[in-house]
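The values are calculated or read from the model by the stated rules, or taken from the named source; none is laboratory data. Remember, predicted model here, so these are calculated numbers, not experimental data. All Cβ positions, glycine included, derive from the backbone under ideal geometry; neighbour counts span all protein chains shown. Only protein heavy atoms, including side chains, enter the accessible area calculation; ligands, DNA and RNA are left aside. Shrake-Rupley method; radii C 1.70, N 1.55, O 1.52, S 1.80 Å.
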Amino acid sequence: MTTTAYRSLLQQADDEIIGYMKEDFPNGEVEVNVTVPGEAGLSEDMFWHIIDLFDWTDEDDNDRILAPAIAFLSQMPVAMIFSFDDMLAEKLYHLDKEIYAKNIGEDSYGNGRGFSSDTFLYARCCVIANGSASYEAVLADPTAMPADLTFESLLYLPREAYQKKTGRKNYYHTTQYCYETFSNPDGWNETWMQKIGLKA
């Protein structure tokens, strides 16, 4: 695989540049990294403040739970929405380890019932949705993982905030970390990773 780079100020980027890329690399894929000089990302404290806005009045209504956080995040610049998404993905990545997967209740890894990578992802979401103290407790002690609890809806918070802010239907941001189960190669038994084809 060959990778090359085009650099231009966004104000100067136009259809001509896109045309050159299409001509030069007709089978290529494009990933755009936008650098904003002098602009910092979302702070750790602000990330957890947004999580703390969740409304748990009705735990069966995910839309209601997320609504205050979506409203707050949608008032921030797009770069901050993407930064929130990146931070969320990174925290999920750090929980993507076999030692945590063994402590999620009935669907735990290695208990003979069959293991669902999606269920484990949603269990990791639940850890973060319960706030900073929950996240730190689980990092320190894998047995503190919530048993048989998931919160898939957390994954869609950045997208919904972005759509609310911009009115755009599509969301093209790609996080710096992959949060899918088995993405963290340091967190899983090497033999198992080889078995499923994720490690040479």
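What spacing in nm lies between the two simple spin-label points modelled at residue 60 and residue 140, each 7 Å away from Cα in the Cβ direction?
The two pseudo-label positions are separated by 3.6 nm.
If you roll a 1.4 Å probe over the heavy atoms of the protein chains, what accessible area per residue do you get for region 70-117, in Å²?
Per-residue value: 42 Å².
Just the number, please: carbon plus sulfur as a percent of the accessible area of region 48-200, 1.4 Å probe, no ligands or DNA/RNA counted.
46 percent
Take residue 113 and residue 99, extend 7 Å from each Cα along the Cα→Cβ direction, and tell me the distance between the two endpoints in nm.
Computed distance between label sites residue 113 and residue 99 equals 2.3 nm.
Under the Karplus relation 6.51 cos²θ - 1.76 cosθ + 1.60, θ = phi - 60°, what is the ordered set of whole-Hz ³J(HN,Hα) values for region 159-167, x standing for Gly and Pro?
Whole-Hz 3J(HN,Hα) from phi for region 159-167: 4, 5, 5, 5, 5, 5, 6, 9, x.
Determine the relative contact order of region 115-157: mean sequence separation of Cα pairs under 8 Å and six or more apart, normalised by residue count, in whole percent.
50 percent
Can you work out ³J(HN,Hα) from phi for every residue in region 84-95, in order, using Karplus 6.51 cos²θ - 1.76 cosθ + 1.60 and θ = phi - 60°, giving whole Hz and x for Gly and Pro?
These are the phi-based 3J(HN,Hα) values: 4, 4, 5, 5, 4, 4, 5, 5, 5, 4, 5, 8 Hz.
Using the alpha-carbon centroid of each, what span in Å lies between region 127-160 and region 99-126?
13 Å
Could you sort 72-78, 156-162 so that the peptide with the highest average Cβ count within 10 Å comes first and the rest follow in order?
Highest-to-lowest ranking by the protection proxy: 156-162, 72-78.
Relative contact order for region 86-146: what percent, with Cα pairs under 8 Å and sequence separation of 6 or more?
After rounding, I find 35 percent.
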